[in-house]
Amino acid sequence: MSKPLTPELVEPLLRGRFGRPYLWSEGCASTQDALRGSALAEGAVAVTEHQTAGRGRDGRRWEDAPGLGLLLSVLLRPPSGSPVQQLSLVAGLAVAETVEDARDLAAVKWPNDVLLGGHKVAGILLESSGVEVVCGIGVNVLQTEAELPANARLPAASLLTATGHAPDRAELLVSLLETLEHRYDSWRRRGLTSFLDELEARNALRGRRVEVGGEAGTAGRIAPDGRLTLLRADGTTVLVASGEVQEGGRG
Ligand code: BTN
């Protein structure tokens, strides 16, 4: 286990608005619950070393190994009426940029996973009510193979197993918060269009045969509104807004 991400360690390293206030605990049910319905300012962050009921998408659980990953939730208050489902791509891009090293571009698997070397290293969970969005991010950082979830839907990796390097969790956390803040601010100003090309460069599904949202086809570009383009077998295209992606190989 690396040093706990206590306020004493992390707060002096913070470089922007995100992470203020910084709520840390040694353990909790889910960091999502520490922020939901709170009156805290946008950018408030909850971090823990271990979750007893970590949530993933579609009712799944997010399993962690205490002290070896990043488990955080960020409170966002986007303008009312904004397309908040796009925030999983905004956060996905920020995570990808933070975790990748010079050798390996991290991929964003629409709509909410981040892959290194084809393995899932991070997942994003958005929970919203009214104008509040709690953006939960789980990153596998220092787990060995044996410490990663064995029966996950996608093969899992940690930054350690994927790159052979053991990053400093505190540095990783503050750099993720800074990148997320920067990408979120651009999204608020101009939507996804300002970084669509960067997202597309990391689009893990492009060219893959997939089934999603009741549609089957070959995945194409991520559209400016965040939907995934699918090319159907009959040559027509359809845009898919959400859903669990089943992969069926290269299209
Ligand atoms: C997924 O891949 O399905 C999303 C996983 C999201 C996990 C993070 S860990 C911190 C935050 N708290 C939770 O309970 N879930 C998110």
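The values are calculated or read from the model by the stated rules, or taken from the named source; none is laboratory data. A quick note: this is a predicted structure, and the numbers were derived from the prediction, not measured. For neighbour counting, all protein chains shown are included, and Cβ atoms are generated from backbone atoms with ideal geometry for every residue, glycine included. Ligands, DNA and RNA are stripped out before the accessible areas are found, and what is left, the full protein with its side chains, is counted by its heavy atoms. Shrake-Rupley method; radii C 1.70, N 1.55, O 1.52, S 1.80 Å.
Details
- Per-bin percent of Cα-Cα distances, the range 52-138 [5 Å]: 3, 14, 24, 24, 19, 11, 5, 1, 0
- Size of electric dipole in the range 205-250: Cβ of Lys, Arg +1 and of Asp, Glu -1, about Cα centre, debye, nearest 20: 240 debye
- Three-way shape call for the range 1-67 based on the alpha-carbon gyration tensor, with the a/c threshold at 1.5: oblate
- For the range 46-109 versus the range 173-246, the gap between their alpha-carbon centres in whole angstrom: 16 Å
- Here the accessible area is traced with a 1.4 Å probe on the protein chains. For the chain, carbon and sulfur cover 52 percent of it.
- Size descriptors for the chain (Cα atoms only): Rg and Dmax, in that order, 17.4, 59 Å.
- For the range 1-125, the direction-averaged projected area of the alpha-carbon convex hull comes to 8.6 nm².
- Distance cut-off 19 Å, percentage of C-alpha pairs in the range 80-228 lying past it: 53 percent
- Tensor-based shape of the range 205-250 (alpha-carbon gyration tensor, a/c under 1.5 rounded, otherwise prolate or oblate): rounded
- Solvent exposure of the range 54-118 as accessible area per residue, Å², 1.4 Å probe: 35 Å²
- Under the Karplus curve 6.51 cos²θ - 1.76 cosθ + 1.60, θ = phi - 60°, whole-Hz ³J(HN,Hα) for the range 182-187, x wherever Gly or Pro sits: 4, 5, 5, 4, 5, 4
- Placing unit charges on each Cβ (+1 for Lys and Arg, -1 for Asp and Glu) gives the range 180-251 a dipole about its Cα centre, and among Gly226, Tyr184, Phe195 the Cα reaching farthest toward its positive end belongs to Phe195.
- Using a cutoff of 8 angstrom between alpha carbon atoms and counting only pairs six or more residues apart, the relative contact order for the range 205-250 works out to 41 percent.
- Rounded to the nearest 10 degrees, the angle from helix 87-99 to the longest Cα principal axis of the chain is 70 degrees.
- The residues packed around Leu35, meaning those with a beta-carbon under 10 Å from its beta-carbon, carry a net charge of -2 if Lys and Arg are +1 and Asp and Glu are -1.
- Reported value for the range 146-207: 137 Å³ per residue, from the convex hull of its C-alpha atoms.
- Magnitude of the charge dipole for the chain, about its Cα centre and with charges confined to Cβ atoms of Lys, Arg (+1) and Asp, Glu (-1), is about 620 debye.
- Length-normalised contact order for the chain - Cα pairs under 8 Å, 6+ apart - percent: 16 percent
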